[in-house]
Amino acid sequence: MPQNEYIERFQKQHGRRLDYEERKRKRLARESHKQSADAQNLRGLRAKMYQQKRHKEKIAMKKAIKAHEERDVKGSGAGDKDDGQPLPQYLMDRSDQTRAKALSSAIKNKRAEKAAKFQVPLPKVKGISEEEMFKVVKTGKKTSKKAWKRMITKPTFVGPDFTRRPVKYERFIRPMGLRYKKANVTHPELGVTVQLPIISVKKNPQSPMYTQLGVLTKGTIVEVNVSELGLVTAGGKVVWGRWAQVTNNPENDGCLNAVLLV
Amino acid sequence: MATLVPPPSKRQKLTASNLAKHQQDVPTAPPADLGEVRIQFVDRSTGTPQGDSVLVPLSQATTRNLALLVNSIEGRDEAHERIPYRFFVAVGEGGGADGDNDTDEIGLADGDDLYGRLAAASKGGKLPGTEEVIRVRTAPQAVFKVQVVSRCSAAVSGHGQPILAAQFSPASAARLATGSGDNTARVWDCDTGTPLHTLKGHTSWVLAVSWSPDGTLLATGSNDATVRLWDPVKGQLEGAALQGHTKWITSLAWEPFHAQQPGRPRLASSSKDATVRVWDAVAKRIDFALTGHKGSVSCVKWGGIGLLYTASHDKTVKVWSARNGTLVHTLSSHAHWVNHLALSTDAVLRTAFYDHTGVVPDGLEERRVKARRRFEAAAASSEGVPVERLVSASDDTTMFLWGPFGASAGKNVTKPQARLMGHQKAINYVAFSPDGLHIASAGFDNHVKLWQGSSGKFVATLRGHVGPVYQACFSADSRLLVSASKDTTLKVWEVRTGQMKGDLPGHKDEVYAVDWSADGKGVGSGGRDKQVRIWKG
């Protein structure tokens with residue numbers, strides 16, 4: 001079991017509080033009251049931050065409503081499909097041509113063109129010094145003398161089956177708060193972005209040691225799980241791992257954006 | 001932590017595999033002193049008994065010997081006249097005593113014997129005595145055998161857009177017609193793997209191609225709402241486009257050869273505009289239009305007994321008279337779009353007078369007689385009149401088996417004979433085997449399923465595809481099935497065992513259309529990667 005899932009484990013073993021559902025429902029019911037109270041009473045920076053958050057929420061809400069309205073419109077399809085890819089008659093009235101399929105065929109077209117096989121979007125990155133990457137841990141009686149313990153100050157990916165070594169022997173600490181499991185992966189040509197689970201870190205351009213530690217910095221190549229996109233190889237096997245390159249500075253942004261390598 | 005058992009050594013593995021091989025090879029010959037059983041052979045398609053019941057020593061009752069016996073009962077004594085047979089024995093209560101089509105039955109494999117089947121059927125090991133008559137249903141198999149296709153003999157580029165439809169000429173495996181998204185249809189020479197003709201004229205995607213049963217005309221239906229007729233030999237347009245539909249054409253069906261007025265073949269086209277139009281292919285005029293559906297007509301089939309069957313997105317299947325276009329029946333049991341139809345006589349209607357012998361009669365009248373004879377043999381029934389069964393595939397994930405049409409008027413054909421349930425997503429395609437014994441259905445749930453053609457009972461699920469299966473096609477001898485899928489592969493299946501016989505990767509994108517030639521010599525497929533592939537054995 002991954003170390004950080006102790007709450008989930010507890011819930012599986014013992015269940016939740018008996019009044020969990022009711023408390024949740026009540027909290028939800030009170031939410032609008034809390035929101036209006038906050039909107040009226042917050043002052044200063046907190047008010048600003050609150051308004052910013054509400055603004056974003058309202059945009060999301062309006063988008064969702066618009067999407068629902070579009071879905072309810074009847075009789076789309078037929079006419080506007082003419083300019084798309086040709087389809088056999090048994091697929092013409094079906095609107096479940098998913099984005100994943102568009103992705104898949106674009107990837108295949110690209111492969112057919114045999115262009116830029118070994119190119120990556122970010123060929124060069126700025127170097128990061130060891131001083132910046134590692135913080136020397138000096139707490140405790142013994143470690144303060146030796147000072148060989150390091151804490152990684154950058155975001156990392158830690159596999160689900162990782163277990164910590166005994167504290168005495170643990171040389172590198174990868175802080176829990178800086179761990180990432182998912183990346184927002186963009187397809188470069190189609191401009192669609194999907195959130196996909198990371199499988200592994202393939203290469204960190206800074207140093208092979210960082211690759212081993214799973215450090216995620218700008219330019220890192222990660223393997224992401226694309227199984228939900230439904231890609232298939234020429235042999236009919238399902239593709240599930242595909243490489244992507246990190247395009248942002250995750251330590252600054254708090255999210256991991258990547259671009260798919262095709 | 002529990003101790004891990006080390007993996008078996010090479011010697012252990014060898015001995016295990018040798019043992020397994022040895023055990024497999026043990027012949028299961030029945031003991032010699034089994035006595036006799038009384039067998040009554042019954043024709044499986046019509047239900048008529050063949051000869052009187054015969055006493056057969058059980059130790060001798062292998063499939064091969066039974067086939068010899070049936071052949072001699074049928075009067076085919078010479079070795080070159082004999083036909084291979086498949087045998088079916090009823091299982092469950094009543095043993096083999098009752099012989100109606102609704103009991104469960106098991107087929108005997110080619111190397112099987114009756115003793116093994118009976119022993120398996122009667123759990124206590126008690127075999128029927130000589131007093132009890134065992135009804136063994138017989139089904140003649142094709143006298144020719146189609147080879148499993150295993151390799152891609154040609155991958156021909158030419159189309160500039162995805163290929164949406166493909167059909168072999170009924171005359172031979174040498175000609176394949178494909179319709180594509182680049183507004184053309186093409187005729188290919190499959191022997192050399194070269195393009196023969198490009199049929200230009202449509203102004204939008206070609207969605208349906210259909211050879212006339214005598215192979216002299218090719219019809220194409222397009223997204224531009226027209227049907228065009230072509231001369232497949234010269235590659236030229238025959239007359240003007242057939243205009244009348246207001247939306248795209250979904251499928252085409254030719255009038256069966258034996259039912260045509262001489263020199264006046266007709267063609268039915270179904271369209272998204274909810275109508276079916278029947279065209280005179282010579283005069284290039286509308287004979288009549290079948291208007292009655294309320295939604296897109298997804299499929300049209302022209303039966304050999306003067307009926308037209310149409311399936312529609314308005315959840316109904318309608319049966320029309322082909323003579324004057326009046327509505328005969330409305331079959332409404334489906335709960336969602338009806339996507340596809342298959343007739344038990346599809347294969348003979350498509351090939352008319354072309355059969356496995358390759359002998360084509362000279363005169364028109366001889367051809368008509370031969371086409372009629374072939375149809376009547378395929379549509380034979382116990383009542384002596386030709387009947388057809390229809391199966392309809394739908395988005396409600398089920399199929400209905402309808403009919404038999406053409407039988408005496410007392411039978412109510414608007415009630416389905418059976419509902420074929422088992423698919424988990426919409427069923428896109430359904431096909432009857434040429435001998436009418438099996439139904440194959442291809443669904444968006446990645447499976448192909450096999451069903452009994454007579455009763456609609458479930459037979460097997462063919463698992464293997466990892467994407468929706470778009471089409472499936474039986475070989476001419478009904479022993480094999482090929483399926484085309486979104487996962488870019490074709491797969492060949494053995495119908496008898498339900499096992500995969502071959503995997504045909506090669507297409508670079510989804511495969512939209514597949515067809516097995518009428519003489520079984522090749523499979524043609526086309527899809528989104530714009531290449532036509534010809535597969536051979």
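Over the stretch A:130-260, what portion of Cα pair distances is larger than 19 Å, expressed as a whole percent?
When all Cα pairs of the stretch A:130-260 are counted, 53 percent exceed 19 Å.
At each listed q (0.15, 0.20 Å⁻¹), what is the log10 of I(q)/I(0) that the Debye formula gives for the stretch B:113-262 modelled as equal alpha-carbon point scatterers?
-0.79, -1.25
Hey, which aspartates and glutamates would be in cross-link range of residue B:294, C-alpha to C-alpha under 19 Å, not counting anything within fewer than 8 residues on its own chain?
Straight-line reach from residue B:294, under 19 Å: A:93, B:273, B:314, B:395, B:396.
List the residues, sorted by chain then number, that are 5 or more residues from residue B:208 or on another chain and whose placed amide H is less than 5 Å from its amide H.
Here the answer is B:221, since their amide H atoms fall under 5 Å of that of residue B:208.
Sequence-distant or interchain residues sharing an amide H contact under 5 Å with residue B:307, placed H: which?
B:322
Write down the percent of antiparallel bridges among all DSSP beta bridges whose residues are both part of chain B, to the nearest 5. Could the numbers behind the result be given before it?
Details: 132 of 138 bridges.
Antiparallel bridges: around 95 percent, rounded to the nearest 5.
Which value in Å is the Kirkwood Rh of the stretch B:219-372 over different Cα pairs?
About 16.1 Å, per the Kirkwood formula over Cα pairs.
Determine the gain in length on full extension of the stretch residue B:425-residue B:382; use 0.36 nm per residue of separation and subtract their C-alpha separation, reporting nm with one decimal.
Extra length from residue B:425 to residue B:382 when fully extended: 11.9 nm.
In nm, to one decimal, how far is the residue B:194 label point from the residue B:216 one, both placed 7 Å along Cα→Cβ?
Modelled inter-label distance: 2.8 nm.
Rounded to the nearest 100 Å², what's the accessible area chains A and B bury against each other, both chains counted, probe 1.4 Å?
In total, this chain pair buries about 2400 Å².
Which whole-number percent of Cα pairs in the stretch A:151-216 have a distance greater than 20 Å?
Values: 764 of 2145 pairs.
So the portion of pairs separated by more than 20 Å is 36 percent.
Put a dot 7 Å past each Cα toward the Cβ at residue B:264 and residue A:70; how far apart are the dots in nm?
With each label point 7 Å from Cα toward Cβ, the separation is 5.4 nm.
So what is the 222 nm mean residue ellipticity for chain B from helices alone, if each DSSP H run of at least 4 adds -39500 (n - 2.57) and you divide by all residues, rounding to the nearest 500 deg cm²/dmol?
Working: 5 runs with 56 residues, N = 537.
Helix contribution divided over all residues of chain B: -3000 deg cm²/dmol.
Whole-Hz Karplus ³J(HN,Hα) for the stretch B:198-207, in order, using 6.51 cos²θ - 1.76 cosθ + 1.60 and θ = phi - 60°, x for Gly and Pro?
10, 9, 9, x, 5, 9, 8, 3, 8, 9
I need the calculated FRET efficiency for the pair residue A:5 and residue B:106, taking r as the beta carbon distance and R₀ as 45 Å, to the nearest 0.05.
On the way: r = 51 Å, r/R0 = 1.14.
Here the calculated transfer efficiency is 0.30.
Pop out the ³J(HN,Hα) list for the stretch B:317-333 in order, Karplus 6.51 cos²θ - 1.76 cosθ + 1.60 with θ = phi - 60°, rounded to Hz; leave Gly and Pro as x.
10, 10, 10, 10, 7, 7, 6, 10, x, 8, 6, 9, 9, 10, 9, 10, 10
For chain B, what does the accessible surface come to per residue with a 1.4 Å probe? Please give it in Å².
Numbers: 22070 Å² over 537 residues.
Each residue of chain B exposes 41 Å² on average to a 1.4 Å probe.
Once the mean 1/r over all distinct Cα pairs of the protein assembly as shown is inverted, what Kirkwood radius in angstroms do you read off?
The Cα-based Kirkwood calculation yields 31.2 Å.
Measure off, as a whole percent, the carbon and sulfur share of the 1.4 Å-probe accessible area of the protein assembly as shown, all protein chains present.
51
Stokes-Einstein diffusion coefficient for chain B at 20 °C in a medium of 1.002 mPa s, Rh from the Kirkwood formula over Cα pairs: what value in µm²/s?
It diffuses with D of about 87 µm²/s by this estimate.
Quick one: which residues, 5+ away or cross-chain, put their amide H under 5 Å from the amide H of residue A:226? H built at 1.01 Å from N.
Residues meeting the criterion, in which the H sits 1.01 Å from N, are A:241, A:242.
Accessible area per residue, 1.4 Å probe, Å², for the stretch A:130-260: what's the number?
54
Could you give each residue of the stretch B:376-387 its phi-based ³J(HN,Hα) in whole Hz, using Karplus coefficients 6.51, -1.76, 1.60 with θ = phi - 60°, and x for Gly or Pro?
Karplus-based 3J(HN,Hα) across the stretch B:376-387 equals 5, 5, 6, 9, 5, 9, 5, 7, x, 9, x, 10 Hz.
The values are calculated or read from the model by the stated rules, or taken from the named source; none is laboratory data. Since this is a predicted model, take the numbers as computed values, not measurements. Positions of Cβ are generated from backbone atoms using ideal geometry, with glycine treated the same way; all protein chains shown enter the neighbour counts. Only protein heavy atoms, including side chains, enter the accessible area calculation; ligands, DNA and RNA are left aside. Shrake-Rupley method; radii C 1.70, N 1.55, O 1.52, S 1.80 Å.
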